[in-house]
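To start, the structure under review is shown below, and the notes come after it.
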Amino acid sequence: MKVPFLNLQAAHAGQQEQIEAALLRVARSGSFVLGEELEAFEANFAAFVGSPHCVGVANGLDALRLGLAAAGIGPGDEVIVPANTYIATWLAVSQCGATPVPVEPLETTYNIDPTAVEAAVNGRTRAILPVHLYGQPADMDALNAIARKHDLFVLEDAAQAHGARYKSRRIGSTGTATWSYYPSKNLGALGDGGALTTDNAEIAAQVDLLRNYGSRVKYENEVKGLNSRLDPIQAAVLSVKLEQLDAATLRRQKIARSYSAAFEAAGLAAPMVPEWADPVWHLYVLRHTDRSGLQKRLAEAGIGTVIHYPIPPHLQPAYADAGYQSGSFPLSERLADEVLSLPMCPAQTLEQTAYVIEKVLALA
């Protein structure tokens, strides 16, 4: 049996006709930048999240960058970030001229450790940028309490967490969060895309301004903005796919429950989910000390896996100037050496899931 890590064609199959109709509608509309399709999706996604404002931008990295810029983050400022994350989280801070200050995750959830965040706050700290890694919510009450205590801006990186819930509330329903619609995401476009949701009207208005060359009126530029607008074609596709996102999430959750029941019973390092978290399982990550060997054996059995992420940001050449060394963040480095993402696709069959479980138990 073959089990791909993710099969986008199969995942789209049930909505293919609606997606193609949306593409045709935009092609015939004559409106290809901003416009009604984008406004409709922004309203739809804001309602889904439970946030009063949504601003569509070109990609998830721009959403982070513009969110920070809208809050006034810039040169001389520090932003606390996870050491255990994809590099985009750090890049957004750097692109604003600020300094990313990494802290270790909790070993239980792999998400940023609030105690480590508190210890990292100093007079230059302006913001906290938690990531809801793998689709599992970070502990936002603890992080928001630190932010209130020190008067810090909180920007949630929810690129992998569309529909996730924290204490029964959708991620992004309060505060400010950013989203990626990269094709492999739980809500994925047919190309790049991103957005910011917020309950702060000033932040929303500033991102709306910044994404469009710093202009509200054509040829009048108030600030030095970017060209970062969610394409109407992608917005139309996302509106279609949003209709089935909750159903797709339920299928992911069913796969995850099957995985965890089997792996926990066998004593494997399955993901731990706090009682207050309702993850959407963008990724199902298993830890194994012989990760490369397990990946090779599973590949030989026809099972696709991916490593998210093999090199933590502090050891990337892009951040060599920060002076971090191997051992600077030992837990993040150990996770980078051990985590392996198993197949997780809404179109995955019961037979495929059972086969993955069988082979992992036999080969781990």
* **Wholly within segment 1-101, helices (runs of 4 or more DSSP H) carrying at least 2 residues that are closer than 18 Å to Gln160 by Cβ** => 8-12, 36-49, 60-70, 88-95
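Do you know which residues across segment 265-312 are over 29 Å from Asp157 (Cα atoms) and outside any loop (DSSP other than H, G, I, E, B)? Show your work before the answer.
Kept after step one, since they are over 29 Å from Asp157 (Cα atoms), are these residues of segment 265-312: 265-267, 290, 293-294, 296-303.
If the condition is that a residue be over 29 Å from Asp157 (Cα atoms) and outside any loop (DSSP other than H, G, I, E, B), then Ala265, Gly293, Leu294, Lys296, Arg297, Leu298, Ala299, Glu300, Ile303 are the ones that fit.
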* Asked: Listed residues Ala256, Ala236, Ala265; which is surrounded by fewer than 17 Cβ atoms within 10 Å (Cβ to Cβ) and at pLDDT 95 or above?
  -> Ala265
* Out of (1) touching a Leu at 6+ places or on another chain (Cβ under 8 Å); (2) crowded, with 20+ Cβ neighbours inside 10 Å, what's the single condition that is false for Ala364? -> (2)
* To do: Being in a loop (DSSP other than H, G, I, E, B) and out of contact with any Lys or Arg (no Cβ under 8 Å at 6 or more places or on another chain) is the filter here, so list the residues in segment 217-243 that pass it.
  => Lys218, Tyr219, Val223, Lys224, Leu230, Asp231, Glu243
* To do: Answer yes if at least one residue in segment 60-79 is of a type outside the set (Lys, Arg), open to solvent by less than 10 Å² (accessible area, probe 1.4 Å) and over 25 Å from Ala195 (Cβ atoms), and no otherwise.
  => no
* All but one of (1) of a type in the set (A, V, I, L, M, F, W, C); (2) surrounded by fewer than 18 Cβ atoms within 10 Å (Cβ to Cβ); (3) under 21 Å from Leu361 (Cβ atoms); (4) free of Cβ contacts under 8 Å to residues at least 24 places away in the same chain hold for Ala270; which doesn't? -> (2)
* Asked: Mind checking which pairs have a first residue in segment 322-337 that is in a helix (DSSP H, G or I) and a second that is loosely packed, with under 15 Cβ neighbours inside 10 Å, Cβ under 7 Å, 6 or more apart or different chains?
  -> Leu331/Glu107; Glu333/Ser326; Ala336/Pro310; Ala336/Ile311
* Residues being surrounded by fewer than 24 Cβ atoms within 10 Å (Cβ to Cβ), within 15 Å of Ala127 (Cα to Cα) and among the hydroxyl-bearing types (Ser, Thr, Tyr): count how many of those fall in segment 80-98. => 1
* Pairs only if they're at least six apart or on different chains, beta carbon under 7 angstrom, first in segment 301-313 and at positive phi, second not in a strand (DSSP E or B); list them, first residue then second. => Gly302/Met1; Gly302/Lys2
* Being more than 16 Å from the chain's Cα centre (by Cα), among the hydrophobic types (A, V, I, L, M, F, W, C), farther than 18 Å from Gly175 by Cα and open to solvent by 20 Å² or more (accessible area, probe 1.4 Å), is that true of even one residue in segment 102-114? -> yes
* Residue by residue through segment 8-58, note down the ones that are at positive phi and modelled with pLDDT of 95 or more. => Gly50
* Asked: Under the condition of being touching a Gly at 6+ places or on another chain (Cβ under 7 Å) and of a type in the set (A, V, I, L, M), which residue from segment 9-59 is nearest to Leu187 (Cα to Cα)?
  -> Val49
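One line per residue, one yes/no per condition, for (1) under 28 Å from Arg251 (Cα atoms); (2) open to solvent by less than 50 Å² (accessible area, probe 1.4 Å):
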{"position": "Val3", "(1), (2)": "yes, yes"}
{"position": "Ala11", "(1), (2)": "yes, yes"}
{"position": "Glu17", "(1), (2)": "yes, no"}
{"position": "Glu20", "(1), (2)": "yes, no"}
{"position": "Leu23", "(1), (2)": "yes, no"}
{"position": "Ala27", "(1), (2)": "no, no"}
{"position": "Glu36", "(1), (2)": "no, no"}
{"position": "Ala46", "(1), (2)": "yes, yes"}
{"position": "Gly50", "(1), (2)": "yes, yes"}
* Structure fact -> When segment 343-361 is checked residue by residue, the ones that are assigned to a helix (DSSP H, G or I) and surrounded by fewer than 17 Cβ atoms within 10 Å (Cβ to Cβ) are Leu350, Glu351, Ala354, Glu358, Leu361
* Output the number of the condition that Ala159 fails; it satisfies all remaining conditions of (1) touching a strand residue (DSSP E or B) at 6+ places or on another chain (Cβ under 8 Å); (2) of a type in the set (A, V, I, L, M, F, W, C); (3) part of a helix (DSSP H, G or I). => (3)
* Asked: Do you know which of the residues in segment 282-308 that are of a type in the set (Ser, Thr, Tyr) and surrounded by 18 or more Cβ atoms within 10 Å (Cβ to Cβ) is farthest from Thr108 (Cα to Cα)?
  -> Thr305
* Scanning segment 115-127 for residues that are among the aliphatic types (A, V, I, L, M) and over 30 Å from Leu226 (Cβ atoms), which turns out nearest to the chain's Cα centre (by Cα)? -> Ala116
* Considering Asp157, Asp139, Asp151, which residue is at pLDDT 95 or above, open to solvent by 20 Å² or more (accessible area, probe 1.4 Å) and within 18 Å of the chain's Cα centre (by Cα)? -> Asp139
* Asked: Looking at (1) outside any helix (DSSP H, G or I); (2) open to solvent by 20 Å² or more (accessible area, probe 1.4 Å); (3) of a type outside the set (S, T, N, Q); (4) on the phi < 0 side of the Ramachandran plot, can you tell me which one Leu340 breaks?
  -> (2)
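The values are calculated or read from the model by the stated rules, or taken from the named source; none is laboratory data. Bear in mind that the values here come from a model prediction, so they are computed numbers and not experimental data. Virtual Cβ from ideal backbone geometry, glycine too; neighbours counted across all protein chains shown. Only protein heavy atoms, including side chains, enter the accessible area calculation; ligands, DNA and RNA are left aside. Shrake-Rupley method; radii C 1.70, N 1.55, O 1.52, S 1.80 Å.
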